[in-house]
Amino acid sequence: MLDFTKNNTKLEVKGFGELELKYISSGDWEEFLNIISKHKSSSGKEATQEIIYHQLIKPKISMDEFNRLSDSNLIMISRAFIEKHRDCEFKYFKDTGDFFKDFINAIKLTNEKRNEEIKRTLEPLIKSAQEILQSFNKDYGSVIQQAIGATSYINKSLLGISKIAEQFKEVQLKAAESLRPMIEAYQSSARIIESLRPQIDIWQKWVEQNKSIFNNVGKFWTDFQQGYKITEQKAATVLKRYKWFIAPSMPINIVFRIVKLAETKGRHDKQINGLFIGYFSRNNWHELEQMVISWRANPLLKKRMNILLDCVKILKKTKGRNINLTNIVLPTLIAQIDGFLTDYLKSKNIPWEVDYDDLNLKNKTKIGRKTQFKKYKSIMLDNQFDELANHVFLNILFQRSQKGKSLKTPFNFNRHKIMHGENIEYGRKDYLIRAFLVMDFLASLK
């Protein structure tokens, strides 16, 4: 079982005894930036206090109690926290004599550097798009301007050429044929530009928007690829093979362990399931409890928090007893996932009454809930990992099911089979953890 406590900050503080601060995850980093933004007009002390308290594992004290720490003790704790993360999150910390201001500036500067790195990653794509546009305009621009009417007409329908021929006979048909190479070049370039459009849009809107999602993505994958030499694509492929995805609050090194384990011969379902179960169940489900508590910030989950926290309390209080808690807790979790999804779709004006999947009716596609839902991304995960979370949620847990028939993806983590009592062998801890991760993913949606 992995021991993540070695990444925590531990020290003795007079009047508090042994104090422990949690390692910094990508989800924590996002919260640091939110805290700094909230206290941007202050001296830096208030933001520093809240950041350190956010990471506090023990002792279990209120924010008011923690704020009674003397400045000297707060600085001592913060310095220990900095040293633990000196190689990454606080590599730009510089002591100018104003500690609290220096603490906040180190986080800001690290964030700026990561934004610049993402910016540099996008620059070749933007340059490529610009070169394509310039080349195309040079070679074909004037001709396409003259032929724009014919081009747009052809693009509107596969029958465009025949309609032109019918209306204008041989002269227009010859004209259309002569334009074909130019039109095809235009369409080919348009497809390339369209494929680059997400990157171009990000680049153009970067200064104005500077979405917080890129802070997390930049941190997670910069650290991951530099530290472990494993690409995002490879990690996503391995996780999908074993029907898992990563929550923002999880430590980066668990992905490394999973990928390295998967590289060895054979299947490793039991060991990989054990990594996830071990992480969340260690210290009597402490990490799971912290993840659930973090959902309080989501207004749509507010009315469900007592139920979700009760699920964790049952796990904590019945530890070691001869009872399969997944049989009890998992259906409750699935019901809350179902309810939250209904509330979320309503908040985005997506009617529940439409079909789950897209329907093709006489060559006209009717867009279903699934496609509409996938338009809304997680604020913590990048595209590949957002798609992976959607895959586990929509194609496994919520995959279409018919009574008495086998599932298209044969995996018993299925809402319909469990909630309708068809599957009575769902009592697996890895299913339980997946359900909590699904809720964590939903809680992070924009």
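Points to keep in mind about this one:
- Test: residue in the stretch 319-334 that is of a type outside the set (S, T, N, Q), more than 20 Å from PHE413 (Cβ to Cβ) and in a helix (DSSP H, G or I): no
- Of the helices (runs of 4 or more DSSP H) lying entirely inside the stretch 20-66, those carrying at least 1 residues that are among the hydroxyl-bearing types (Ser, Thr, Tyr) and in the same structural domain as ASN8 (by TED's automatic domain parsing) are 26-38, 45-54.
- Selection status of ILE104, under 23 Å from LYS6 (Cα atoms) and either in contact (Cβ under 8 Å) with a residue 24 or more places away in the chain or assigned to a helix (DSSP H, G or I) (or both): no
- One residue alone among ASP102, ASP64 is exposed (fewer than 14 other Cβ atoms within 10 Å of the Cβ) and of a type in the set (Asp, Glu), and that residue is ASP64.
- Unmet criterion (only one of (1) surrounded by 14 or more Cβ atoms within 10 Å (Cβ to Cβ); (2) in a helix (DSSP H, G or I); (3) at pLDDT below 90) for LYS346: (1)
- For the stretch 88-130, a tally of residues being at pLDDT below 90 and of a type in the set (Lys, Arg) returns 6.
The values are calculated or read from the model by the stated rules, or taken from the named source; none is laboratory data. Predicted model only: the values in this text are computed from it and were never measured. Ideal geometry is used to build each Cβ from the backbone, glycine not excepted, and the neighbour counts take in all protein chains shown.
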